[in-house]
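Structure record follows, encoded as structure tokens.
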Amino acid sequence: MATRDELLAALGLTPVWRLRAAAQEDRASAPIVVADRAARIAALEWRDFAADVDACTECPLHRGRKKSVPGVGDPRAEWLFIGEGPGAEEDAKGEPFVGQAGRLLDNMLAALGLARGENVYIANCVKCRPPGNRTPEPAEIEACRPYLDRQLALIRPRLIVALGKSAATTLLNVDATIGSLRGRAHDFGGIPLVVTYHPAYLLRNLPDKAKAWEDLLLARRTLAAGDRVA
Ligand code: SF4
């Protein structure tokens, strides 16, 4: 008598059967794999962090990157600046906010008496460049989130500045205009978060530089007051 496998093979169903079984196994194990990855990243120390990001293939953004862009700065910084994702120059250098936008950010930091790497850390929501500088997909941001969460846990900043709408709406998990999010300190897990414009936007909209300066002054006042939002 023919076995079940032989019957299925005769009907041309073996591959389908096996694929379905494999897919069911994959679905069952997926949450475990995701949890394993999150737990591994949550335990990373600084010495292993950049190499781990560099080896990451969790989302499609790894395919087009020249260099991953984990972040740069003082690992004990009080100020954490978070942008959306690396652009072409960041991708080439492996460092966030370089080029013209980066110089503007450095100038803004200098006006506050701060400098890149001194009490300041700069990171992005996604660590690899989205092709054509498009906005990262929600799934890509989600895939990269464990790295940002680990940076937050290691740095333990006293204040976060979200640079641009995409970073702000991602971090605050809201769908809102940047105008409606500016002008007050938001709560990011007990850390005050101030929203301002992305330096690349400011290069194209110079009059809004004054608003960005107001935002940074608000951020400085918030930090000086030691505000913790409820
Ligand atoms: Fe990994 Fe983040 Fe790069 Fe995606 S963007 S491949 S999750 S490091």
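Look at segment 49-69: where a residue is assigned to a helix (DSSP H, G or I) and a partner is acidic (Asp, Glu) and surrounded by 18 or more Cβ atoms within 10 Å (Cβ to Cβ), sitting 6+ places away or on another chain with Cβ atoms under 6 Å, you get LEU61/GLU140.
Does PRO157 meet the test of being of a type outside the set (A, V, I, L, M, F, W, C), in a loop (DSSP other than H, G, I, E, B) and farther than 23 Å from LYS67 by Cα?
yes
Selection within segment 34-47: residues that are more than 14 Å from the ligand (Cβ to nearest atom) and part of a helix (DSSP H, G or I). The member of this set that is nearest to PRO138 (Cα to Cα) is ALA35.
Residues of segment 186-230 that are of a type in the set (Lys, Arg) and in a helix (DSSP H, G or I): ARG204, LYS209, LYS211, ARG220, ARG221.
For segment 89-99, a residue qualifies if it is touching an Asp or Glu at 6+ places or on another chain (Cβ under 8 Å) and either away from the ligand (no atom under 15 Å from the Cβ) or among the charged types (D, E, K, R) (or both), and the qualifying residues are PHE97, VAL98, GLY99.
Might you let me know whether segment 139-155 holds any residue that is within 16 Å of the ligand (Cβ to nearest atom), in contact with a Pro (Cβ under 8 Å, 6 or more places away or on another chain), assigned by TED's automatic domain parsing to the domain that holds ALA92 and small (Gly, Ala, Ser)? No, every residue in segment 139-155 fails to be within 16 Å of the ligand (Cβ to nearest atom), in contact with a Pro (Cβ under 8 Å, 6 or more places away or on another chain), assigned by TED's automatic domain parsing to the domain that holds ALA92 and small (Gly, Ala, Ser). Are any of the residues in segment 12-20 modelled with pLDDT under 95, assigned by TED's automatic domain parsing to the domain that holds THR196 and in a helix (DSSP H, G or I)? No. The residues of segment 118-132 that are among the polar types (S, T, N, Q) and within 14 Å of the ligand (Cβ to nearest atom) amount to a single one, ASN124. Scanning segment 59-88 for residues that are near the ligand (Cβ under 8 Å from one of its atoms) and touching a strand residue (DSSP E or B) at 6+ places or on another chain (Cβ under 7 Å) yields one hit, GLY85. For segment 100-117, the condition holds for no residue, the condition being that it is within 16 Å of the ligand (Cβ to nearest atom) and either modelled with pLDDT of 95 or more or surrounded by fewer than 20 Cβ atoms within 10 Å (Cβ to Cβ) (or both).
Residue-wise test of (1) assigned by TED's automatic domain parsing to the domain that holds LEU148; (2) closer than 13 Å to ARG129 by Cβ; (3) at pLDDT below 95; (4) under 16 Å from the mean Cα position of the chain (by Cα).
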site: ALA50; (1), (2), (3), (4): yes, no, no, yes
site: PRO60; (1), (2), (3), (4): yes, yes, no, yes
site: GLY71; (1), (2), (3), (4): yes, no, no, yes
site: ASP74; (1), (2), (3), (4): yes, no, no, no
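The values are calculated or read from the model by the stated rules, or taken from the named source; none is laboratory data. Computed from a prediction, not measured in an experiment: that's the story for all the values here. Quick reminder, even Gly has a Cβ in these numbers, built from the backbone with ideal geometry, and neighbours come from all protein chains shown.
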